[in-house]
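Asker: Shown below is the structure under consideration.
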Amino acid sequence: MTAGSDRSLWYRAAEGDAEAFGQLYDRHARAIYNFLYRRTASWSDAEDLTSAVFLHAWRRRAEIELDRESALPWLIRTADYTARNEWRSKSRYRRALAAAHLLADHERDHADEVAGRIDDDQQIRRARAALRKLPKQEQEIVELCVWAGLDQQAAAVALDIPLGTVKSRLSRARKHLRDLAHFPAVENQS
């Protein structure tokens with residue numbers, strides 16, 4: 001275990017070293033934010049969920065023992081669970097409002113958004129629409145290997161599946177995405 005490895009930083013954080021945890025945050029916060037932004041298509045939700053992921057990591061730091069040198073696969077898995085929980089929570093809330101006949105059409109207030117973020121939101125929606133056409137298992141692989149930038153081995157750890165399964169799902173996903181005329185081919189991410 002090298003002094004600057006994620007595993008050593010995690011161990012130090014588990015012992016109460018907040019600076020070590022801060023270094024882990026600095027290393028991985030952008031990757032987690034990007035993963036969540038692509039998952040939610042909302043920069044504000046991604047920011048909130050990124051904070052929630054690292055709060056959860058801080059709270060559980062003494063309970064979790066990393067099985068790899070990188071904390072990123074565990075953080076990505078935690079981000080995935082956090083996003084799913086948030087989606088379920090919002091879904092329950094919307095159903096409750098609809099049942100009470102209070103659900104009104106909601107239009108985004110574009111006055112508060114920066115022009116560049118509007119373009120980013122539109123692009124991510126198009127990408128999400130194309131991704132939704134894939135089977136769920138292929139969607140997860142694209143999100144991890146292409147969008148989050150994990151290598152195939154790290155994706156296997158994050159999903160708790162064999163490496164060969166990751167490779168075959170990624171290959172099928174690439175083929176399906178190439179077949180969609182409105183979505184460019186996905187480059188090899190190994």
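Please treat every number below as a calculation from the coordinates, not as lab data. As the structure is a prediction and not an experimental result, all values here were calculated from the model. Virtual Cβ from ideal backbone geometry, glycine too; neighbours counted across all protein chains shown.
Asker: Taking neighbour Cβ counts within 10 Å as the exposure measure, how do SER5, SER70 sort from fewest upward? Don't skip to the end; give the middle numbers.
Answerer: Working: SER5 15, SER70 19.
Ranked by crowding around the Cβ, least crowded first: SER5, SER70.
Asker: Taking the beta-carbon count within 10 Å as an exposure proxy, list THR82, THR165, THR40 from fewest neighbours to most.
Answerer: Ranked by crowding around the Cβ, least crowded first: THR165, THR40, THR82.
Asker: Follow-up. Sort TRP74, TRP10, TRP58 by Cβ crowding within 10 Å, fewest neighbours at the top. Mind showing how you got there, number by number?
Answerer: Details: TRP74 22, TRP10 25, TRP58 14.
Fewest-to-most Cβ neighbours within 10 Å comes out as TRP58, TRP74, TRP10.
Asker: Roughly what would the spin-label model give for ALA130 and ASP17, points 7 Å off Cα along C-beta, in nm?
Answerer: Each label point lies 7 Å from its Cα, and together they span 4.3 nm.
Asker: Another question about this same structure. For an R0 of 30 angstrom, estimate the FRET efficiency from the Cβ-Cβ distance between ASP67 and ALA29 and round to the nearest 0.05. Intermediate results must be reported in sequence, preceding the final value.
Answerer: Numbers: r = 22 Å, r/R0 = 0.72.
Step by step, r from the Cβ atoms, then E = 0.90.
Asker: Right, something else. LYS175: which lysines have alpha carbons under 25 Å from its alpha carbon, excluding same-chain residues fewer than 8 sequence positions away?
Answerer: Of all the lysines, those that pass the test against LYS175 - Cα under 25 Å, at least 8 places apart if same chain - are LYS133, LYS136, LYS167.
Asker: Computed over the Cα atoms of the range 1-92, what is the convex hull's projected area averaged over all directions, in nm²?
Answerer: 5.7
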